[in-house]
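Input: a single structure, listed below in structure tokens.
The values are calculated or read from the model by the stated rules, or taken from the named source; none is laboratory data. From a predicted model like this one, the values you see are computed outputs, not experimental measurements. Counting neighbours? That spans all protein chains shown, and the Cβs are built from the backbone with ideal geometry, glycine included.
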Amino acid sequence: VLHGALSPVGGGTCSVLLSHCVTRVPSELLTQSVLLSHRATCHPRAEELQGHRWATFTREEICAYQSQPMAEMWQRCARRVTEAIERVVEFAKRLRGFLELSQHDQIVLLKAGAMEVVLVRMCRAFDAATRTVLFEGKLAGPELFRSLGCPELVASIFDLAQGLSALRCSESELGLLSALLLVNAGRPWLQDRPRVARLQGHLDVAFRLLLRRTRREGLLARLPSPGQLRALCSQHLEQVQAFRRLHPGVVSASFPPLYRELFAADPADVPAGTR
Ligand SMILES: O=C(O)[C@H]1CC[C@H](C(=O)N2CC[C@](c3ccc(C(F)(C(F)(F)F)C(F)(F)F)cc3)(S(=O)(=O)c3ccc(F)cc3)C2)CC1
């Protein structure tokens, strides 16, 4: 699925026309193109988030979610996280240099980093005052997800969103942070590590110059550590496995193929040659 989503023919990647940027240096050009790609692939868009006062769920609605069967709530959430990941794939395709990497390395980077970008993007639709996140059109607290049966994972997800929203990141900061979560030469299984490292280097310089220009150097020390994000993603994988043991067949029967490929590839799916 990921392979198909990455084929240039498939999704029309717009080459970002950087208009009216006469005095910009290469790293500012890169920052601008990352910001455009981020804005174009986030949901909801920044404009929708600003003015809008989102409603919270009523007690009855929360009870309805809490009494959903576990499999139903998991399917619902898996669908939503898959839609978010598809937008992250589109973001990656618009990142200058990403499509020039080998297909193999593009897939390695997305498999390792897409969920991290989804979790970082989550802070955009998180309300720190009420500790709620936008879910299916209204603001939901952690208790709404009780029927998933993974309270620690949900709590960790909310903690991350809380921490990130306290940093009050700009869209440019979130865009460059997301790009650096994807273009990470430290990921295992990369074929052309030096090539990924070069692209990562350009993004790193652009991020540091942005922070210096905006006097936000202190942000670097306060971002979630790679270890925190990695721990969250492995907690997620553990919970998917736990759910599969409780409900054999549900994941393979009704979860989106992209979700299964990324988080639940069982040995049967792996092509014989690489087993
Ligand atoms: O595309 C965008 O720009 C945004 C990116 C961020 C998106 C977002 O916040 N999300 C996409 C779906 C969201 C999401 C996050 C985590 C998970 C899981 F880990 C598990 F269910 F186990 F928690 C799973 F994967 F195992 F199922 C499923 C779905 S959600 O909004 O449904 C949500 C669910 C649980 C929460 F406790 C908080 C949020 C988060 C919304 C769309």
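Figure legend. Inter-residue proximity from region 157-171: first residues near the ligand (Cβ under 10 Å from one of its atoms), second residues among the aromatic types (Phe, Trp, Tyr) and at pLDDT 95 or above, beta-carbon distance below 7 Å, spacing 6+ or different chains. Indicated pairs: ALA161/PHE126.
Of the residues GLU72, GLU90, GLU100, which single one is part of a loop (DSSP other than H, G, I, E, B) and acidic (Asp, Glu)?
On the way: GLU72 fails: part of a loop (DSSP other than H, G, I, E, B); GLU90 fails: part of a loop (DSSP other than H, G, I, E, B).
Of the residues listed, the single one that is part of a loop (DSSP other than H, G, I, E, B) and acidic (Asp, Glu) is GLU100.
Within the set GLN241, GLN191, the sole residue that is polar (S, T, N, Q), under 27 Å from CYS123 (Cβ atoms) and modelled with pLDDT of 95 or more turns out to be GLN241.
How many residues does region 172-212 contain that are surrounded by fewer than 17 Cβ atoms within 10 Å (Cβ to Cβ), in a helix (DSSP H, G or I) and touching a His at 6+ places or on another chain (Cβ under 8 Å)? Here the count works out to 0. All conditions in (1) away from the ligand (no atom under 14 Å from the Cβ); (2) more than 18 Å from GLY201 (Cβ to Cβ); (3) touching a residue at least 12 places away in the same chain (Cβ under 8 Å) hold for ALA129, with the sole exception of (3).
If you go through region 36-59 one residue at a time, how many are over 28 Å from THR130 (Cα atoms) and of a type in the set (A, V, I, L, M, F, W, C)?
Step one: filter region 36-59 for residues over 28 Å from THR130 (Cα atoms), giving 36-37.
Cutting the leftovers down to of a type in the set (A, V, I, L, M, F, W, C) gives us 36.
Residues that pass the stated criteria total 1.
Do we have ARG244 as basic (Lys, Arg), surrounded by 14 or more Cβ atoms within 10 Å (Cβ to Cβ), touching a residue at least 24 places away in the same chain (Cβ under 8 Å) and part of a helix (DSSP H, G or I) here?
Answer is no for this residue.
Of the conditions (1) outside any helix (DSSP H, G or I); (2) within 14 Å of the ligand (Cβ to nearest atom), LEU95 satisfies every one except a single condition; which number is it? Result: LEU95 fails condition (2) only.
Apart from one condition, VAL251 fits all of (1) surrounded by 14 or more Cβ atoms within 10 Å (Cβ to Cβ); (2) assigned to a loop (DSSP other than H, G, I, E, B); the exception is (2).
Take ALA64 and decide whether it is surrounded by 16 or more Cβ atoms within 10 Å (Cβ to Cβ) and assigned to a helix (DSSP H, G or I). Can you show your working first?
Working: surrounded by 16 or more Cβ atoms within 10 Å (Cβ to Cβ): no; assigned to a helix (DSSP H, G or I): yes.
Answer is no for this residue.
Of all the listed residues (VAL120, VAL196, VAL154), the sole one being away from the ligand (no atom under 16 Å from the Cβ), among the aliphatic types (A, V, I, L, M) and modelled with pLDDT of 95 or more is VAL196.
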